[in-house]
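Everything on this sheet refers to the single structure shown next.
The values are calculated or read from the model by the stated rules, or taken from the named source; none is laboratory data. All values reported here derive from a predicted model rather than from experimental measurement. Backbone-built Cβ (ideal geometry, glycine too); neighbour counts: all protein chains shown.
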Amino acid sequence: MGAGVFELADGVWQLAPSPGINCWVVRDGDDATLVDTGLSSSAANLVRQLRGVGVRRGDIRRVLLTHSHADHMGAVAPLLRTRVNAEVLAGEADVEAVRTGVQPDADPSTVAGRMWNLLPRSTPFVTPQPVPEAQAIAIGTTIPVAGGLVPVATPGHTPGHVAYHLPARDVVLGGDVVWNFFRLRPAPTMTCWRVEANHDSILRLADLAPGTLALAHGSPVDDDPAGRLRQLVADHA
Ligand SMILES: [Zn+2]
């Protein structure tokens, strides 16, 4: 099945197309919804991992993005070139970055953000292949798969960051609002668009009170995610 691949909840699989970068597929019969895709360089491995959990390219009806960064949208363009005929949806304020590949500046109020803003942007790790087909996802609507998949606006890491809530599965796919390598912490300030707004989004995830909070970077949190998220904001206040 591949390293880092496991079933988070009924029909919800976590994939890891490259080490340290997770994405997810939600299966409902032969309808598959991909949430994030990893880097373009790991697109072939993503397809292998999908096949390992019974998902073929033709099953993928939609690709939902948590945000526009290359390690999340990178494999969308390669997938669309290889028999994947899916709609691509992202938070409204990230759609332009997905369509062009050009990423927003990091928060200029942090030292790390100012350093990041000085770096050249012309590498595929920073500027992914554009996806002109991308459309804005409707916040507040429910996508009728796996008992309902609800996009939740969680701006801060990027202007249009979106988390995805599966209430019937008691799971939140939290993208880059927080990371959980070794310990739970806000995503690094270096690539964060607005640090304060991201703190508000950490509390928004806590309010969803999921049994399991899955993250793009690091292990899922299933021991009181809400309490731990609130503690994190208190610690960083
Ligand atoms: Zn990111």
- prompt: With respect to the numbered conditions (1) assigned to a loop (DSSP other than H, G, I, E, B); (2) more than 14 Å from the chain's Cα centre (by Cα), which one is the sole condition not fulfilled by Ala43?
  reply: (1)
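Residue-by-condition table, conditions (1) polar (S, T, N, Q); (2) surrounded by fewer than 20 Cβ atoms within 10 Å (Cβ to Cβ); (3) at pLDDT below 95:
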residue	(1), (2), (3)
Asp36	no, no, no
Ala44	no, yes, no
Glu96	no, yes, no
Arg99	no, yes, no
Pro124	no, yes, yes
Thr127	yes, yes, yes
Elements of type helices (runs of 4 or more DSSP H) in the range 60-146, at least 1 residues being within 27 Å of Pro188 (Cβ to Cβ) and acidic (Asp, Glu): 70-73, 95-100
- request: Output yes when any residue across the range 161-173 is within 12 Å of the ligand (Cβ to nearest atom) and small (Gly, Ala, Ser), and no when none is.
  value: no
- prompt: For the range 149-237, which fully contained strands (runs of 3 or more DSSP E) count at least 3 residues that are within 25 Å of Trp13 (Cα to Cα) and either free of Cβ contacts under 8 Å to residues at least 40 places away in the same chain or of a type outside the set (Gly, Ala, Ser) (or both)?
  reply: 150-153, 162-166, 171-173
query: Any chance the range 133-141 includes a residue that's under 24 Å from Ser42 (Cβ atoms), in contact (Cβ under 8 Å) with a residue 12 or more places away in the chain and under 16 Å from the mean Cα position of the chain (by Cα)?
result: yes
field: Complete set of residues in the range 46-67 that are within 20 Å of Val162 (Cα to Cα), of a type in the set (D, E, K, R) and buried (at least 18 other Cβ atoms within 10 Å of the Cβ)
entry: Arg62
